1. What's the number of the only condition in (1) more than 14 Å from every other protein chain (Cβ to nearest Cβ); (2) within 30 Å of B:ASP109 (Cα to Cα) that B:VAL222 fails to meet?
2. Tell me which residues, restricted to segment A:129-146, are of a type in the set (Ser, Thr, Tyr) and in a helix (DSSP H, G or I).
3. I need the full set of residues from segment B:100-127 which are more than 15 Å from the chain's Cα centre (by Cα) and within 25 Å of B:LEU215 (Cα to Cα), in order please.
4. Against the definition (surrounded by fewer than 18 Cβ atoms within 10 Å (Cβ to Cβ), more than 10 Å from chain B (Cβ to nearest Cβ), hydrophobic (A, V, I, L, M, F, W, C) and touching a Pro at 6+ places or on another chain (Cβ under 9 Å)), how does A:LEU160 come out, yes or no?
5. Quick one: which of B:VAL209, B:VAL196, B:VAL171, B:VAL164 is within 30 Å of B:SER234 (Cα to Cα) and not charged (D, E, K, R)?
6. Please note which helices (runs of 4 or more DSSP H) are completely contained in segment A:180-283 and include at least 1 residues that are touching a Leu at 6+ places or on another chain (Cβ under 8 Å), within 14 Å of chain B (Cβ to nearest Cβ) and farther than 20 Å from A:LEU108 by Cβ.
7. Restricting attention to segment B:131-145, and to residues there that are part of a helix (DSSP H, G or I) and within 13 Å of chain A (Cβ to nearest Cβ), which single residue is surrounded by the most Cβ atoms within 10 Å (Cβ to Cβ)?
Amino acid sequence: MKYTLKKLATLIVSLLITSVLTFTAFQIIPGDSALNALGMDATKEQLERYREEMGLNKSLPIRYINWLKGALKGDFGYSTQYQMQMKAGTLIKERLIVTIWLAVMSFLLIVVISIPLGIFSAGKKNGILDSFITLITQFFMSVPPFFLGMLITLIFGIILKWFTPGSYINPWENFGQFLRFMIFPAIAVAVPKIAMTVKFLRSSLLREMELDYVRTAKSKGMTKTRILIRHILKNALIPVVTFLAMMLADILAGAILVEQVFNLPGLGRLLVSSIANRDYAVVQAIILYIVSVVIIINFLVDLIYQWIDPRVKRD
Amino acid sequence: MKKMVKIKGKTYHLNYILGLVITSLVLLIVIIGFFYTPYDPNTMNAALKNSPPSLMHPLGTDNFGRDILSRVMVGAGTTYVIAVSIVLIGAFFGTVVGALTGYFGGWLDEVIMRFNDVLTAIPSILLALVFVSIFGPGTYNIIFALGILFVPSYARVIRSEFIVLRERDFVNNAKLMGAGSLRIMFIHILPNTRNVLIPALLIGFNNAVLAEAGLSYLGLGVQPPQASLGRMLSEAQSYLLDSPWYALAPGLMIILTVLGFSLISGGMGND
């Protein structure tokens with residue numbers, strides 16, 4: 001309980017620090033946001049009125065508190081990059097779903113493919129297949145996900161014609177087709193991470209195999225496979241859980257780039273276009289979103305971790 | 001990991017040798033690129049738009065008729081210079097911060113390390129994007145942004161080494177002989193961290209190459225007409241259908257670079 005409370009306190013402090021940093025970082029940008037929003041030929045009165053409406057002439061701490069209040073309700077102010085006035089929050093809500101699907105699909109691919117491969121590779125330690133898997137993982141760890149995305153477009157989209165590049169369809173229009181298209185970007189995000197996870201799991205398993213309890217189990221006459229599945233796996237998977245959770249931040253980062261390759265209307269593309277158009281309300285909101293998600297996931301992992309391995313509580 | 005090779009009485013990991021070979025080849029291309037390229041990398045030739053690989057242009061030409069081989073040579077050079085600068089900035093300040101906090105400990109150590117924890121949890125490309133959106137895109141801005149973002153990882157590595165090493169006899173010896181703290185930290189302890197520092201530099205270089213490629217691919221790093229591996233990939237994206245060789249050359253260059261360095265650092269690690 002004490003451990004959970006301590007972690008919870010850290011979580012809240014981290015989230016607050018993140019919000020302060022995200023807010024203040026964008027205050028040091030040179031330029032007048034009223035002038036940016038209304039254009040060069042706005043009159044003095046118009047500018048004054050805009051500042052009054054947006055609360056721009058209040059002090060920094062008060063503006064921060066107002067911004068945070070809005071942020072908690074999902075209101076981040078107005079986006080400036082489109083002709084129509086649009087709420088930054090609405091804009092993000094539309095895009096969020098694409099990125100979430102991309103991240104979830106890649107994560108599932110990573111778990112489903114890398115865990116059996118890692119176990120297999122460690123079980124056949126130094127065999128031909130193990131060496132082959134090690135070589136392949138070493139190679140794929142070096143491939144940037146966005147280049148992989150381009151290769152996938154080239155091979156599966158243009159040469160094999162398994163999908164049409166750029167034929168993204170919204171999930172609420174045709175969910176099946178949405179999934180069929182999304183599997184390709186998900187593979188591009190997942191493959192380098194699968195390679196990393198296989199390597200990590202393999203060495204975690206091999207380390208565990210050296211331990212005394214494995215020798216005891218062997219001398220009791222248990223078969224190798226049974227020891228691997230019943231005893232070693234349970235212990236070796238503990239560090240892998242943290243590893244996978246930390247990977248989630250990387251998956252989100254990979255998604256930002258891969259969305260660009262496949263032309264997906266997700267958070268990453270919105271972020272990049274907002275940066276290019278100096279649409280700071282949206283940039284702030286997206287950064288706050290992603291960083292908060294990463295921090296909250298880390299918190300949950302800490303909790304899960306102490307549940308599966310109670311030893312950590314003592315540190 | 002287990003295959004060893006004997007050269008002149010010393011044993012090396014096979015991976016290490018393989019990494020050295022790949023890296024030397026890639027470095028050779030880059031170094032030649034600094035002095036000589038078959039064609040001028042920025043000269044356009046309307047007659048040769050998107051031509052496939054040929055004897056005259058071994059890697060083909062791009063949408064402006066520029067020689068891709070020349071552009072890859074120069075572009076890899078740009079990427080390398082950026083990556084090395086990033087690693088130097090990160091390693092220098094990271095070492096200073098890590099050495100001070102690891103050697104002295106105390107509340108400053110506590111504060112800096114908590115701050116470090118938050119920073120390392122967030123994907124560095126995201127933080128780099130924040131920097132770029134505040135200071136604007138461009139080569140120097142991404143060197144500056146990524147350099148700062150690399151500080152925490154080096155600070156962490158150096159700090160944990162310093163915490164162990166500061167208790168060792170040779171440090172006490174130096175103290176008894178009247179050496180000052182700065183001298184102990186940077187003349188006595190620092191050289192002993194090389195076993196972790198060198199792999200960290202190599203991996204940092206790889207991360208910097210990937211980060212540069214990512215940012216330039218998004219159009220936020222190196223600006224045209226200057227070539228870099230990421231910039232070339234971003235230009236090649238639109239011509240994937242007609243001239244796939246355009247994307248393959250810079251992409252493979254990134255893969256070989258990263259593969260070479262990670263094989264070297266992996267081979268050095270677990271003897």
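1. (2)
2. Start the filter on segment A:129-146 by keeping residues that are of a type in the set (Ser, Thr, Tyr), which leaves A:131, A:134, A:137, A:142.
Within segment A:129-146, A:SER131, A:THR134, A:THR137 qualify.
3. Filtering segment B:100-127 for residues more than 15 Å from the chain's Cα centre (by Cα) gives B:100-123, B:126-127.
Across segment B:100-127, the qualifying residues are B:PHE115, B:ASN116, B:ASP117, B:VAL118, B:LEU119, B:THR120, B:ALA121, B:ILE122, B:PRO123, B:LEU126, B:LEU127.
4. It is false that A:LEU160 is surrounded by fewer than 18 Cβ atoms within 10 Å (Cβ to Cβ), more than 10 Å from chain B (Cβ to nearest Cβ), hydrophobic (A, V, I, L, M, F, W, C) and touching a Pro at 6+ places or on another chain (Cβ under 9 Å).
5. Values: B:VAL196 fails: within 30 Å of B:SER234 (Cα to Cα); B:VAL171 fails: within 30 Å of B:SER234 (Cα to Cα); B:VAL164 fails: within 30 Å of B:SER234 (Cα to Cα).
Going through B:VAL209, B:VAL196, B:VAL171, B:VAL164 in turn, just one is within 30 Å of B:SER234 (Cα to Cα) and not charged (D, E, K, R): B:VAL209.
6. Working: elements: A:212-219, A:224-227, A:233-262, A:267-276.
It comes to A:233-262, A:267-276.
7. Restricting attention to segment B:131-145, the residues satisfying the condition of being part of a helix (DSSP H, G or I) are B:131-135, B:139-145.
Within this subset, residues satisfying the condition of being within 13 Å of chain A (Cβ to nearest Cβ) are B:131-135, B:141-142, B:145.
Working: B:PHE131: 20, B:VAL132: 22, B:SER133: 24, B:ILE134: 18, B:PHE135: 16, B:ASN141: 18, B:ILE142: 27, B:ALA145: 24.
Taking the candidates together, the pick is B:ILE142.
So that you can scan it fast, the table gives a plain yes or no per residue for (1) under 30 Å from A:VAL191 (Cα atoms); (2) at pLDDT 75 or above; (3) in a helix (DSSP H, G or I):
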site	(1), (2), (3)
A:ALA37	no, no, yes
A:PRO61	no, yes, yes
A:GLN83	no, no, no
A:GLU94	yes, yes, yes
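The values are calculated or read from the model by the stated rules, or taken from the named source; none is laboratory data. Predicted model only: the values in this text are computed from it and were never measured. Note: ideal-geometry Cβ built from the backbone for every residue, glycine included; neighbour counts use all protein chains shown.
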